[in-house]
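The values are calculated or read from the model by the stated rules, or taken from the named source; none is laboratory data. Remember, it's a predicted structure, so these values are computed and weren't measured experimentally. Here the Cβ positions follow ideal geometry from the backbone for every residue, glycine too, while neighbour counts run over all protein chains shown. Calculation scope for accessible area: heavy atoms of the full protein, side chains included, ligands and nucleic acids excluded. Shrake-Rupley method; radii C 1.70, N 1.55, O 1.52, S 1.80 Å.
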Amino acid sequence: SDSIPRKQKKEKEPFIDRMFWGGNVGAWIGNPTFVDLSPLVGYKVTNKFSVGVGVIYNYYSYQYNNYKYNVNFYGGRVIGRYFVLENVYVQAGYDRINRDNPYSIKPNARIWIENILVGGGLRYPVTVNIYCVASALWNLNDTPLSPYRNPIIQVGFVGGF
């Protein structure tokens with residue numbers, strides 16, 4: 001019985017090793033001013049498929065003569081990403097964002113905006129656990145109040161724990 005080789009059990013990768021983080025952090029200061037804080041945490045379900053959740057916060061300010069416009073966006077997102085090649089992926093996501101409603105007659109009215117984003121992108125390894133990612137996405141639910149304009153180009157970094 002010892003001469004028959006046993007199937008070697010493949011060790012399962014620990015949960016924490018399948019986690020990743022990323023998102024957007026950016027700003028430009030002046031007129032206009034824009035701040036974006038959108039961290040993301042995710043999980044590699046398989047070597048090709050991952051899912052993630054994140055929060056979204058954006059601030060935008062613009063001043064022209066005596067007119068000043070400020071808006072705060074906040075909400076959350078869920079994404080799914082499938083690698084068709086080692087560093088090429090397709091992505092689908094859902095963002096739900098709360099923002100001011102300039103069409104409302106009520107002062108300080110806010111509205112939830114639903115965004116369905118689809119597209120793909122490229123991942124470029126920077127180190128063993130950090131990648132630069134570039135995505136081109138399309139908002140299937142584009143509305144005048146959506147903060148996104150098609151096409152949506154995103155560049156950022158993703159790292160593993």
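Overall dimensions of the chain, expressed as equivalent-ellipsoid semi-axes from the Cα gyration tensor (√(5λ), whole Å, largest first), are 40, 16, 14.
Along the charge dipole of the range 1-158, pointing to its positive end and built from +1/-1 on Cβ of Lys, Arg, Asp and Glu, which listed residue (W21, P32, I113) has its Cα farthest out? Selected residue: W21. Share of carbon and sulfur in the accessible area of the chain stands at 62%, probe radius 1.4 Å.
For a quick check of your reading of the filter: which trypsin sites (Lys or Arg not before Pro) in the range 31-115 sit in a DSSP loop and have no more than 14 other Cβ atoms within 10 Å?
Qualifying residues, ordered by number: K48.
Less than 14 Å Cβ to Cβ from N87, Lys/Arg counted +1 and Asp/Glu -1: what total charge do the surrounding residues give? Cβ neighbours under 14 Å give a net charge of +2.
Counting only Cβ charges, +1 for Lys and Arg and -1 for Asp and Glu, the dipole size of the chain around its Cα centre is about 320 debye.
The residues of the chain expose on average 68 square angstrom of accessible surface per residue, using a 1.4 Å probe on protein heavy atoms.
Using the Cβ-Cβ distance between F15 and V90 with R0 set to 30 Å, the FRET efficiency from 1/(1 + (r/R0)^6) comes to roughly 0.75. Summing charges over all other residues whose Cβ lies under 13 Å from the Cβ of K44, with Lys and Arg as +1 and Asp and Glu as -1, gives +3. A simple count of charges around W112, restricted to other residues whose Cβ falls under 10 Å of its Cβ and scoring Lys, Arg +1 and Asp, Glu -1, yields +2. Model label points for V71 and V126, set 7 angstrom from Cα along the Cα-to-Cβ axis, are 3.0 nm apart.
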